[in-house]
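Asks: Pasting a structure here, questions to come.
The values are calculated or read from the model by the stated rules, or taken from the named source; none is laboratory data. In this text the structure is predicted, and so the values were computed from the model without any measurement. Using ideal geometry, Cβ is built from the backbone for each residue, glycine included, and neighbour counts are taken over all protein chains shown. All accessible areas refer to the heavy atoms of the entire protein, side chains included, with ligands and DNA or RNA removed. Shrake-Rupley method; radii C 1.70, N 1.55, O 1.52, S 1.80 Å.
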Amino acid sequence: MTDTILTNATLVLPDEVIRGTLVMRGETIAEISETPSTAPGAIDCAGDLVIPGLIELHTDNLERHLQPRPKVDWPHTAAIIAHDAELCSVGITTVFDALRVGSVVKDAADYKEYARHVATEILDLRAKDALRISHFLHLRAECCSETLVQELDKFGEDDRVGIVSLMDHTPGERQFRDLSKLKAYVCGKHNLSDDQFDDHVAAQIALKERFGAVHEAAAVAACSRFGAVLASHDDTTADHVAVSAQHGVSFAEFPTTVEAAQACRDHGIKVMMGAPNLIRGGSHSGNVAAHHLAELDLLDIVSSDYVPASLLSSALLLGDLWGDVARGVRTVTAAPAEATGLHDRGRLTVGKRADILRIKRIEGTATVHGVWVKGQRAG
């Protein structure tokens, strides 16, 4: 068994940063020390940061590859492989691929079922060792839909479903309380007329009235059946969070207000915010800024959301904001691992999985100079 040795590295450990050497042996981290290595083949990192591989809990990136332009469908195998390679290139070594479950039978926005088929293809490619990084499934349960229960019934315990999130995109609530923001988003994405937008709003409200409560209960039950963790989405009020807590939610995706984030903290629910929000300085939907929650000590986990490359830079940005690089890195490594029960990874600790990054800082961002997954070079 050949060791991979990274020396003269700035090692970001769970609670501190040291200069030293990390040894990978097989699939795990075998040694960490502050002693430089002169072993043949040791890689001199010249002071570059060495951190755990990033763990992504919520990304829309696969959908972007499946449909690179509106109404343009791409071959799924090629799309999944390209998505996997892109994530690896920006330092993500574990991903929970977000797939929407719950469709509308007739909808102007082509809101149709696809999750089961794509999930099967991801799992097949994984079985064939065709993917560079570790893939789990994140089922985004659209409670205000027609087919949620039927779609959830197509998944089982062997499908690597790690997360089920409760989605409610009813106009005028949660993420899009401001209908003008929703109109700009929906009409821009789907080229709807004013009348079509009004019809869309009316249809979504009707779906909530008909299916919302029943489907929410079904999604919670399915999550338990899969052995997955439950996430809420776009909590806005303390009442939203209280319901999430009753359901047993582990973490909250993108709470939209300080009130909701504080309520999450009070209930022991971890708060996840989007890296694009953090890097851009605010939410594109007009909701609370991620940096504001960070300043209030109400931010635990970061997700790349719709820009995979944003995840690494956001961790370093938070490290600068808090004056603690290790704490910033934990938001994209140890914290998401703990929230999803992946106790074998996310920390530079002897015995953990050797998912490792070598990165170089360039002003406010970073470049990836090496990716190892289970001790093997992947990028």
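Asks: Mind counting the residues in segment 88-105 that are within 16 Å of the chain's Cα centre (by Cα), of a type outside the set (Gly, Ala, Ser) and open to solvent by less than 10 Å² (accessible area, probe 1.4 Å)?
Replies: Within segment 88-105, residues that are within 16 Å of the chain's Cα centre (by Cα), of a type outside the set (Gly, Ala, Ser) and open to solvent by less than 10 Å² (accessible area, probe 1.4 Å) number 8.
Asks: Restricting the search to segment 90-125, which residues are at pLDDT 95 or above and in contact with a Phe, Trp or Tyr (Cβ under 6 Å, 6 or more places away or on another chain)?
Replies: Selection gives PHE96 alone.
Asks: Which residues, taken from segment 30-46, are exposed (fewer than 13 other Cβ atoms within 10 Å of the Cβ) and not hydroxyl-bearing (Ser, Thr, Tyr)?
Replies: Across segment 30-46, the qualifying residues are GLU34, ALA39, PRO40, GLY41, ALA46.
Asks: If you don't mind, there's one more thing I want to ask. Filter segment 1-16 for residues that are buried (at least 16 other Cβ atoms within 10 Å of the Cβ) and among the aliphatic types (A, V, I, L, M) and give the result.
Replies: Answer for segment 1-16, where residues must be buried (at least 16 other Cβ atoms within 10 Å of the Cβ) and among the aliphatic types (A, V, I, L, M): ILE5, LEU6, ALA9, LEU11, VAL12, LEU13.
Asks: Something else: Before we move on, is GLY286 farther than 28 Å from LYS360 by Cβ and modelled with pLDDT under 95?
Replies: Against the criterion (farther than 28 Å from LYS360 by Cβ and modelled with pLDDT under 95), GLY286 qualifies.
Asks: Something else now. Condition test on ILE55, is it part of a helix (DSSP H, G or I) and either open to solvent by less than 10 Å² (accessible area, probe 1.4 Å) or at pLDDT below 95 (or both)?
Replies: no
Asks: A further question on this structure: Return the only residue of GLN175, GLN204 being at pLDDT below 85, closer than 27 Å to LEU312 by Cα and open to solvent by less than 60 Å² (accessible area, probe 1.4 Å).
Replies: GLN175
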